[in-house]
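Everything on this sheet refers to the single structure shown next.
The values are calculated or read from the model by the stated rules, or taken from the named source; none is laboratory data. Since the model is a prediction, treat every value here as computed from it, not as a measurement. Cβ placement follows ideal geometry from the backbone for every residue including glycine, while neighbour counts extend to all protein chains displayed. All accessible areas refer to the heavy atoms of the entire protein, side chains included, with ligands and DNA or RNA removed. Shrake-Rupley method; radii C 1.70, N 1.55, O 1.52, S 1.80 Å.
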Amino acid sequence: MSHLRHLLPYMARYRWTLLAGLVCAVIGAAVSALGPYVLRLAVDDLGRSGIVTATLLRYSGLVIVVALADGVFKFLQRMLIAGVSYHVEYDLRAALFDRYLRLDQSFYGRNHTGDLMARATNDLSAVRQLLGPGLNGTATALLTFAAAAALMLAVNVTLALVVLLLMPLSTLIFVLVGGRMRALFTSVQDQFGNISTRAQENFSGIRTVKAYAQEEAELAVFTEDNRRYRELNLRYVLLSGALWPSMALCLGTVAALVLLVGGRLVAGGELTLGELVQFNAYLGLLTFPMIILGWMVSLYQQGAASMGRLNEVLHAHPMIVNPPAALPLPAPHGEVEYRGVGIRFDANEEPGGHRTSAEKVVAGDNPVPQPSTTRSAWMLRDISFTIPAGSSLAIVGATGAGKTTLVNLLARVRDPDEGQVLVDGIDVRRLDLADLRRAVGYVPQETFLFSVPLRENVAFGAPDASDEELERAVSISRLANDLEQFPDGIATMVGERGVTLSGGQKQRVAIARAVLSSPAILVLDDALSSVDTHTAAQILEGLREIMRNRTSIIIAQRIATVREANQIIVLHEGRIVERGTHAELLQANGRYAAMYRRELLEAELSE
Amino acid sequence: MSGTRFDDDVILGKAYDGRLVRRLAVFVAPYWRSLSLAVALLFGAAFTEIVPPLLVQQAIDGPISAGRIDGLWPIFGLYALVLLATFALRYGHNYLINSIGQSVMLDLRTHIFRHIQRMSLSFFDRNPVGRLLTRITNDVDALNEFLTQGLVLILADTVTLAGIIVVMFALNWRLALISLATLPVLAVVVAIYQRLMRATYRLVRQRLAKINAYLNEQIGGVLVTQLFRREAHSRAAFAGLSSEYVDANMRSLLIFSIFMPTVQVMAAIGTAALLWWGGQGVLAGWATLGTLTAFVLYTERAFQPIRNLAERYTILQAAMASAERIFGVLDTEEEVRDPEHPATLPQPVRGAITLENVVFGYDPAEPVLKGVSLHIPAGQAVAIVGATGAGKSSLVGLLARFYDVQQGRITLDGVDIRTLPQRELRRHIAAVPQDPVCFSGTIASNIRLHDDTIDDERVRWAAEMVNAAAFIERLPGGYAYEVRERGANLSIGQRQLLAFARALAFNPEVLLILDEATSSVDTATEALIQNALERLLKGRTSIVIAHRLSTIRHVDRIIVLHKGRVVEDGSHEALLARRGFYYRLYQLQFAEQSVTG
């Protein structure tokens, strides 16, 4: 459970508050143990003759005063300790988010979004529970137990031992039954996950289900899954149904024994009736703490496991970091050179490769990649080319040839496994990361839009852009026509609470976004694939204007998009197999020429 | 969408709605015997739980006061019996009520699922997957809580409270009045607490949902944030949401921290009152010390049912809201129904299709198809082209009877498709959807679905025919390769080939294909797809919604739809020669070549 060690620095920030909470807990526990003592005095006085009503009134007043004092300290204790738990949760959440923002794609390749979300929600909440109700409850329970134990032992050792030895049995029951319950509950939850997945697949694939008349068969499978779920649940209920009744049985037995043993002591004159009443009152006082302690064990186990999962993220080191003595790149010219670049497949990029959990993250701030233990195959090797500032390069090749990975090296989405990528003659790994990324404008294959107004999405890389600049970007990307369809034009909200954009519209936003950030190097990664051919031609025309004095790299499936480039390289089986201009490549009569002929043939065939 | 899961805030309303409860009763009715037993056990437990304070009173006023040491044994024996009985009754009840709950959930889930399976596609157009999923998961769970934790326990709490009050009055009416005086005040405190807590808790949930939605989006778009150097902005926005959440939590903490001690003080006031008046009673002789002790214990016990009310009330509210939504789904009538006396197709099925003056619109007021008449002879391959919104996809939906025509009729081999059972119709008319769907399972199970009559041989044959075999055999495990949820571990091109293999394996007489130009497929895969398509269409009545001109070269005939009407019909050459709509569409598609070439 050393995971929880990492929680200490977060708690240390609030050590004085926690200490104050603890002091309140000590006083509160002592005060609450006094309540039964007052009762005992009252009952014993009632047994004596000659008592006056004024005495009774005093005892009644004392009962209320004790309760009030107890209430005040419990209030303070809860506010202080549980309050800290919320602040620690805030700090942890901020640290987690900060880490998410720093980590690179190799991390995101290994970890599902769902899993990362679970860490920020369920795990964080489990840790907070441990600190809030956990710490608070444990303090109250242990201190109350100690205070009550001291007072009980002072009154009668025999009876005190009956209570002090038997009551913790209920905690033990809770821990034992609870542990077994959690194990069973996991299997119940897993089966629930199966049901949910099954239903989701059915609903989203309903056209296929209906087209092949699979409704009845789907229902049969769904029912079977539900049957299994019920069976697992019944097994769980067999155990969980016994939890509270057995706790009640255990606590009730203690009460009955106190009545028997204590009653005999009173009848034998070794104990006063008031003292018996005091013991009875302690039983009431200790019931809840005993249960809480049992619950604490599971809170502690869950909290420690969750903290372990949080640590995996908090201690994950990004491979892509700003170098120690970063070279600034204030005014990039845009010359790009790839020098003998090689990239290996990641374990998760290979077919059948499975994602590993975050705990395998290699620690290290060294930008030079370390040889991995399992040496995987090369995806790309011996890639060398130079793009003079202001000229263009097109990359063609089959799906999975590594085109996207290749351009990803430029803005250091990942680093090469061998060779160098240079911008303006400097290895990108030596450049200031922010400067480098400012120099590269990237239009990815799949555009990500945020749930903010469209304007903010377009101005994402240049929040201070003027209206004219914005308008120009919107017009070049041909987004202007789409704006008319949206209720609030460029102020329209995007996403779940706003409009949903088509694939083509999303790509146009991405182009506008890249154009507006005015980069020295523009990368179009299959950026026109969802745009219809007519609009694509218009966008290309507009971009040509922009690209005239910028370096550009274009990835495309269609020859029409790439033929104008200053250089074209063809990737095949991880290497550059052809390079040259459109005309040169046609003359070479290789793969590129074959692709071109296929496209022409397609067109001819349809005529 | 994983995003919606996090901000699905339940708006709570009524805690009891007789109409809804009566409808729910239908699902519980089959288990009424077990339910009666469960309720009986619970009532039994409520009674046995009242006994212990009485035994304490008996012991104090009897053997203890009298100094008879051995007189305590019978009381202890009785006490032990009562405890064991309580244990047995409670455990029995818990097990019974939960097993009933599980059975009712099973029935309800399959009932909803069956109903949803019968719905036509317009239902799925209106209801996003996430919403339907919530009905079948969370909403059903809420009803289970209602059954196991809600109604029955409220009843039991009431019985317990009533029992305590009766015993108190039987023991000593004056002390009873004193004890009960604090209960109404407590009820008021609980009511106020409930109201405050509900509002605050809703605030907490809303703010947490915001944080989670933001986080989910930020994780999805982290690369964009990094590349555009917006980390600081994101961090600040997140910190803002996060501190709003802390504020809401601190508010709920404050309310809770005040409430708990308040209840304790109320209990202490009750005890003090008992001590003050009861003490005088003991002195005056109208009360005993044993009775006084019993009353202290009873007052404590009477507090519990009242405190429970808060929790139970929320369960009831959530259940009513869920029931409302579930019945909302169950009350949706099937729009496409099987006829009562279904017709049969003449054997063998040939696959001739006729549309007679078909009118259809997703919204009947705005028809998409405005009187389409067509005859497609058996074995002919037809392409339907037209601009977006011309009604092409609707036509396919109607032929597969995903929707019903509003006017006119569609016949298969001369039989109106509405007179055929849907199962029968779809055995002969198969649609390959636009977005190729995969299910978690194996490659083989994705081709044969649940149809066991399609053996491994046929699966292989189908895969080979559509050029899917090559990639399948390269996968680890081949046909047994595990396909992840929604085919996440297959490329779009591979999914499309699988969808074709599925269509071929089922071997329908009529094939409907929605052909979406998949731009992210490379030229080599594209060639494979085109080749597969050609084999699929051969010798089969086929209707292809063509987005790619390359697809059109496999068909015998082209039909041009424009604004819901057939405007041109003929061969590729004939239509080009007419220089009409088709000619223009064709020109537009080739703009790429004309602009850049």
May I ask you to list pairs of residues, at least six apart or on different chains, whose Cβ atoms are under 8 Å apart, with the first in the stretch B:273-287 being more than 7 Å from every other protein chain (Cβ to nearest Cβ) and part of a helix (DSSP H, G or I) and the second being open to solvent by 60 Å² or more (accessible area, probe 1.4 Å) and charged (D, E, K, R)? B:TRP277/B:ARG174; B:GLY281/B:ARG174
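Does any residue of the stretch A:595-606 turn out to be under 30 Å from A:ASP464 (Cβ atoms) and part of a helix (DSSP H, G or I)?
No - not one qualifying residue is present in the stretch A:595-606.
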Determine whether A:GLY269 is assigned to a helix (DSSP H, G or I) and farther than 29 Å from A:PHE185 by Cβ. no
Enumerate the helices (runs of 4 or more DSSP H) found wholly within the stretch B:382-497, keeping only those where 1 or more residues are among the small types (Gly, Ala, Ser) and over 32 Å from the mean Cα position of the chain (by Cα). B:456-465, B:469-474
I'd like to check something: does the stretch A:212-223 contain any residue that is more than 20 Å from A:ASN156 (Cβ to Cβ) and polar (S, T, N, Q)? yes
Taking the options A:ARG437, A:ARG429, A:ARG414, name whichever one is open to solvent by 10 Å² or more (accessible area, probe 1.4 Å), in a helix (DSSP H, G or I) and touching a helix residue (DSSP H, G or I) at 6+ places or on another chain (Cβ under 6 Å). A:ARG437
Anything in the stretch A:313-340 that is part of a helix (DSSP H, G or I) and either in contact with a strand residue (DSSP E or B) (Cβ under 9 Å, 6 or more places away or on another chain) or crowded, with 18+ Cβ neighbours inside 10 Å (or both)? List them, or say none. A:VAL313
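Any residue in the stretch B:71-83 that is assigned to a helix (DSSP H, G or I), assigned by TED's automatic domain parsing to the domain that holds B:ALA323, in contact (Cβ under 8 Å) with a residue 60 or more places away in the chain and β-branched (Val, Ile, Thr)?
From the stretch B:71-83, those assigned to a helix (DSSP H, G or I) are B:71-83; that's our starting set.
Still in the running and assigned by TED's automatic domain parsing to the domain that holds B:ALA323: B:71-83.
Retained after the next criterion (residues that are in contact (Cβ under 8 Å) with a residue 60 or more places away in the chain): none.
No, there is no match, as no residue in the stretch B:71-83 is assigned to a helix (DSSP H, G or I), assigned by TED's automatic domain parsing to the domain that holds B:ALA323, in contact (Cβ under 8 Å) with a residue 60 or more places away in the chain and β-branched (Val, Ile, Thr).
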Cβ-Cβ under 6 Å pairs, at least 6 apart or on other chains, the stretch B:348-364 side on the phi > 0 side of the Ramachandran plot, far side surrounded by fewer than 17 Cβ atoms within 10 Å (Cβ to Cβ): B:GLY351/B:ALA378; B:ASN357/B:GLY371; B:ASN357/B:SER373; B:ASN357/B:GLY408
Just to be sure before I move on: is B:ARG502 crowded, with 17+ Cβ neighbours inside 10 Å, assigned to a helix (DSSP H, G or I) and modelled with pLDDT under 85 in the structure I sent? no
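Quick one: would you say A:SER240 is within 7 Å of another protein chain (Cβ to nearest Cβ) and either at pLDDT 90 or above or crowded, with 18+ Cβ neighbours inside 10 Å (or both)?
Working: within 7 Å of another protein chain (Cβ to nearest Cβ): no; either at pLDDT 90 or above or crowded, with 18+ Cβ neighbours inside 10 Å (or both): yes.
No; evaluated as a whole, the condition is false for this residue.
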Selection count where residues are among the basic types (Lys, Arg) and over 25 Å from A:THR581 (Cβ atoms), scope the stretch A:497-556: 4
Could you please let me know if A:VAL72 is more than 8 Å from chain B (Cβ to nearest Cβ), among the β-branched types (Val, Ile, Thr) and either touching a strand residue (DSSP E or B) at 6+ places or on another chain (Cβ under 9 Å) or assigned to a helix (DSSP H, G or I) (or both)? no
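So that you can scan it fast, the table gives a plain yes or no per residue for (1) open to solvent by 50 Å² or more (accessible area, probe 1.4 Å); (2) in contact (Cβ under 8 Å) with a residue 40 or more places away in the chain:
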position	(1), (2)
B:ILE429	no, yes
B:VAL432	no, yes
B:PRO436	no, yes
B:SER445	no, no
B:HIS450	yes, no
B:GLU457	yes, no
B:GLY478	no, no
B:GLU482	yes, yes
Hey, any hits in the stretch A:84-92 for a residue that's more than 10 Å from chain B (Cβ to nearest Cβ), within 26 Å of B:THR262 (Cβ to Cβ) and open to solvent by less than 30 Å² (accessible area, probe 1.4 Å)? yes
Among the helices (runs of 4 or more DSSP H) contained in the stretch A:88-188, which hold 2 or more residues that are over 30 Å from A:VAL31 (Cα atoms) and under 15 Å from the mean Cα position of the chain (by Cα)? A:105-110, A:113-118, A:124-129
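What residue, among those in the stretch A:44-63 that are open to solvent by 50 Å² or more (accessible area, probe 1.4 Å) and among the aliphatic types (A, V, I, L, M), is farthest from A:VAL23 (Cα to Cα)?
Residue satisfying both the conditions and the ranking: A:VAL52.
Take the conditions at pLDDT 90 or above and open to solvent by 40 Å² or more (accessible area, probe 1.4 Å) and apply them to B:ARG229. Does it pass?
On the way: at pLDDT 90 or above: no; open to solvent by 40 Å² or more (accessible area, probe 1.4 Å): yes.
No; evaluated as a whole, the condition is false for this residue.
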Which condition number does B:PHE76 fail, the rest of (1) farther than 30 Å from B:ASP331 by Cα; (2) open to solvent by less than 50 Å² (accessible area, probe 1.4 Å); (3) aromatic (Phe, Trp, Tyr); (4) touching a Ser or Thr at 6+ places or on another chain (Cβ under 9 Å) being met? (4)
Odd one out for B:LEU84, checked against (1) crowded, with 16+ Cβ neighbours inside 10 Å; (2) modelled with pLDDT of 95 or more; (3) at the interface with chain A (Cβ under 8 Å from one of its Cβ atoms): (1)
Select from the stretch B:552-576 the residues that are among the charged types (D, E, K, R) and closer than 16 Å to B:VAL358 by Cα and write down the one among them that is nearest to the other protein chains (Cβ to nearest Cβ). B:LYS563
Only residues that are farther than 13 Å from B:LEU297 by Cβ and facing chain B (nearest Cβ under 9 Å): list them for the stretch A:246-255, please. A:SER246, A:ALA248, A:LEU249, A:THR253
Tabulated pairs, the stretch A:467-494, first touching a residue at least 12 places away in the same chain (Cβ under 8 Å), second open to solvent by 10 Å² or more (accessible area, probe 1.4 Å) and acidic (Asp, Glu), C-beta under 8 angstrom, 6+ apart or interchain: A:ILE476/A:GLU545
I'm checking my understanding of the structure. Among residues of the stretch A:188-220 that are within 7 Å of another protein chain (Cβ to nearest Cβ) and in contact (Cβ under 8 Å) with a residue 12 or more places away in the chain, which one is most open to solvent (accessible area, probe 1.4 Å)? A:GLU218
May I ask you to list the residues in the stretch A:561-591 that are farther than 30 Å from A:ARG438 by Cβ, in contact (Cβ under 8 Å) with a residue 24 or more places away in the chain and surrounded by 21 or more Cβ atoms within 10 Å (Cβ to Cβ)? A:VAL570
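Taking the criterion of being in contact with a His (Cβ under 8 Å, 6 or more places away or on another chain) and open to solvent by 30 Å² or more (accessible area, probe 1.4 Å), would at least one residue in the stretch A:460-473 satisfy it?
Going residue by residue through the stretch A:460-473, those that are in contact with a His (Cβ under 8 Å, 6 or more places away or on another chain) are A:463.
Still in the running and open to solvent by 30 Å² or more (accessible area, probe 1.4 Å): A:463.
Scanning the stretch A:460-473, I find at least one residue that is in contact with a His (Cβ under 8 Å, 6 or more places away or on another chain) and open to solvent by 30 Å² or more (accessible area, probe 1.4 Å), so the answer is yes.
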Filter the stretch B:111-135 for residues that are touching a Leu at 6+ places or on another chain (Cβ under 7 Å) and β-branched (Val, Ile, Thr); which is nearest to A:THR223 (Cα to Cα)? B:ILE112
